Amino acid sequence: MSFKKYTLLAIAFFSAQSLCNAQNTASLTLTGGTNLTISKHIYGQFAEHLGHGIYGGFWVDKNLPVAKQDRIRLDVVNALKQIKIPNLRWPGGCFADEYHWRDGIGPSDQRPRMVNTNWGGVTEDNSFGTHEFLSLCSLLGCEPYFAANVGSGTVEEMSKWIEYVNSNSNSTIAGLRGLNGHPDPYKVTFWGIGNESWGCGGNMTPEFYADQFKRYAAFAKDYPGAPLKKIASGPNSDDYNWTSVIMKNIPSWMMWGISLHYYTVPTGNWGHKGSATSFTENEYFETMQRCLKMEELVTKHSTIMDQYDPEKKVALVVDEWGVWTDPEPGTNPGFLYQQNSMRDALIAATNLNIFNNHCDRVRGAALAQTINVLQSLILTNNDKMLLTPTYHVFDMYKVHQDAKYLALKLNVPNYQVGNNTIPAINVSASQDASGKIHISLVNLDLHNDISIRTTLAELNWKTVKGQILTSANITDINTFEKPDKLHLAKFTGAKKEGDKLVVLIPKKSVVTLELE
Ligand code: AHR
């Protein structure tokens, strides 16, 4: 080959390389100095009387051969303690607005039976009620988050429920709690006033709901040691008018938070949502586009809230989120049982990054729904139990709970499919009370590893270590036969170069780094 030809080829090769490098390179700058905390309540969970979430999930047959306290399954409890779940929302969902708490107290065999009209029309025996739920929360070491019935209940019913669990008086209702085995008040502070009041919770207009909220909230009383955090039923997805009307009509002193519900539905079509385990790259890409809509929703709802509440006193509580696919073939469609893949881990991590990065307003959230329902952390099958890829994300991300938020500037390549693009990388970071810095990075690109150079202004560190979740295929899942196919592994792709942190983040992976 002539020298000239070689030189031209070499130039072409190196230009292609640098183009490729430019495409596969990201930069990140982290700064200390914010006064914002990432509330641990962003890492909350949701457990509804739905399918095998409560019955057959947390609360099992007394003859099931697993360790139990009463009928609460302890392998599940221990797994959830490991990821430090901060709160548990209960009893629904749509179920909350047909739940009458008095049916779920007293001797179990005398409790009335009801039909769960929302979820499969099954008969509910009310064996899991207020005391059982609060025992579960105590075992988990998490705060209970009650959703009160506004749709088919009354102000009196909700008001007495609060008195029943929180009052330290010698009123008849507080005394009944003692007779049922718990003389000390439980001090439950999180109370949702209705659920999806625009839909299954009563098909209300926002104006009507705002009036209802004020009426219910007026009779939701504080008892000693239990100042209530009242959470209004908020918008469905991008219903910005709902947020506007609620914020305009309910004073900020009356509500601690307003909820937001948004699910990632892979096809965007509620009639045919898409499979949990079998999807193409195009379908994966569309799902991630829908997942990233959470950023837009949180930003726009926050902007509306800023107009009425510039001091950000009212929290945005995303208390139902996650991927919602078609149910697993052969299961009861009303039970919403779905498998959980590597894709769903990327969805979880991306949503958590969004919430962390909006921690000035997002001060609570709940994944839907903990066990055996929708995007679960845990699946059970009789005495067997498995941890889903989503569980492992919550395990990695627990380091951000109540840590100081670190502001970031991010410049990332796009992930392109056809003519469409999304940012390939998303990130959030925090510093814990001991000074350790944690950075969580997600690479959504299915083909390219991406190198990130990070500048940490005003932050001192010497060493870096990390954990990674990834798998050969985006559709990979944990099964009862192979429960550890997807698991956390040690991450070795990060190093210190001068004062920079350089990380090679593999395609379709979630990484959390710890810098000391
Ligand atoms: O999480 C399942 C259902 O989704 C909940 O019951 C309801 O609030 C929402 O529509």
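The values are calculated or read from the model by the stated rules, or taken from the named source; none is laboratory data. Only a predicted model underlies this, so the values are computations on that prediction, with no experimental measurement involved. Here the Cβ is made from the backbone with ideal geometry for all residues, glycine too, and neighbour counts use every protein chain on show. Heads up: the accessible areas ignore ligands, DNA and RNA and are worked out on the full protein's heavy atoms, side chains in. Shrake-Rupley method; radii C 1.70, N 1.55, O 1.52, S 1.80 Å.
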The correct count of residues that are of a type in the set (Gly, Ala, Ser) and in a loop (DSSP other than H, G, I, E, B) in the stretch 96-140 is 5
* Please work out if residue 417 is away from the ligand (no atom under 16 Å from the Cβ), crowded, with 23+ Cβ neighbours inside 10 Å and not polar (S, T, N, Q). => no
Note on the stretch 118-133: residues of a type outside the set (Asp, Glu), away from the ligand (no atom under 16 Å from the Cβ) and open to solvent by 10 Å² or more (accessible area, probe 1.4 Å) are 123, 131
Review point. Based on what the data block shows, is residue 357 open to solvent by 10 Å² or more (accessible area, probe 1.4 Å), in contact (Cβ under 8 Å) with a residue 24 or more places away in the chain and out of contact with any Lys or Arg (no Cβ under 8 Å at 6 or more places or on another chain)?
Key: yes
Taking the stretch 51-83 and keeping residues free of Cβ contacts under 8 Å to residues at least 40 places away in the same chain, in a loop (DSSP other than H, G, I, E, B) and either within 13 Å of residue 387 (Cβ to Cβ) or under 22 Å from the mean Cα position of the chain (by Cα) (or both) leaves none
Residue set 4, 62; condition at pLDDT below 95 and of a type outside the set (Gly, Ala, Ser); output residue 4
A careful count of residues in the stretch 134-152 that are within 16 Å of the ligand (Cβ to nearest atom) and either outside the structural domain of residue 99 (by TED's automatic domain parsing) or crowded, with 16+ Cβ neighbours inside 10 Å (or both) gives 7
TODO: With the condition kept exactly as written, say whether any residue in the stretch 222-233 is farther than 30 Å from residue 184 by Cβ and surrounded by fewer than 17 Cβ atoms within 10 Å (Cβ to Cβ).
DONE: no
Of the listed residues (323, 314, 318, 298), the one being closer than 27 Å to residue 448 by Cβ, open to solvent by less than 50 Å² (accessible area, probe 1.4 Å) and touching a helix residue (DSSP H, G or I) at 6+ places or on another chain (Cβ under 7 Å) is 323
Scanning the stretch 51-103 for residues that are within 14 Å of the ligand (Cβ to nearest atom) and acidic (Asp, Glu) gives 97, 98
Scanning the stretch 467-516 residue by residue, those aliphatic (A, V, I, L, M), under 16 Å from residue 349 (Cβ atoms) and in contact (Cβ under 8 Å) with a residue 40 or more places away in the chain turn out to be 468, 469, 474, 486, 488, 503, 505, 510, 511, 513
By my count, strands (runs of 3 or more DSSP E) wholly in the stretch 469-516 with at least 1 residues that are within 27 Å of the chain's Cα centre (by Cα) are 489-491, 500-505, 509-515
Considering residues that are open to solvent by 70 Å² or more (accessible area, probe 1.4 Å) and away from the ligand (no atom under 16 Å from the Cβ), the number found within the stretch 270-288 is 6
- prompt: If we scan the stretch 258-267, do we find a residue that is of a type in the set (A, V, I, L, M, F, W, C), surrounded by 22 or more Cβ atoms within 10 Å (Cβ to Cβ) and farther than 24 Å from residue 393 by Cβ?
  reply: yes
Subset of the stretch 104-117, residues within 14 Å of the ligand (Cβ to nearest atom) and either open to solvent by less than 60 Å² (accessible area, probe 1.4 Å) or of a type in the set (A, V, I, L, M, F, W, C) (or both), comes to 116
Flagged in the stretch 317-374 as among the polar types (S, T, N, Q), within 14 Å of the chain's Cα centre (by Cα) and part of a loop (DSSP other than H, G, I, E, B), in numbering order, are 369, 370
Screening 369, 338 for residues that are crowded, with 21+ Cβ neighbours inside 10 Å, over 24 Å from residue 239 (Cβ atoms) and either away from the ligand (no atom under 16 Å from the Cβ) or in contact (Cβ under 8 Å) with a residue 40 or more places away in the chain (or both) leaves only 338
Within the stretch 160-187, the residues that are outside any loop (DSSP other than H, G, I, E, B), in contact (Cβ under 8 Å) with a residue 12 or more places away in the chain, out of contact with any Leu (no Cβ under 9 Å at 6 or more places or on another chain) and open to solvent by less than 30 Å² (accessible area, probe 1.4 Å) are 161, 163, 173, 177
Practice item. Kindly indicate whether residue 488 is under 30 Å from residue 383 (Cα atoms) and open to solvent by 20 Å² or more (accessible area, probe 1.4 Å). Key: yes
Being aliphatic (A, V, I, L, M) and either outside the structural domain of residue 332 (by TED's automatic domain parsing) or in contact with a Pro (Cβ under 6 Å, 6 or more places away or on another chain) (or both), is that true of even one residue in the stretch 171-191? yes
| message | Here is a check on your reading of the model: is residue 351 of a type outside the set (A, V, I, L, M, F, W, C) and away from the ligand (no atom under 16 Å from the Cβ)? | response | no
If we keep only residues of the stretch 197-219 that are within 16 Å of the ligand (Cβ to nearest atom) and under 22 Å from residue 252 (Cβ atoms), then the residue surrounded by the fewest Cβ atoms within 10 Å (Cβ to Cβ) is 198
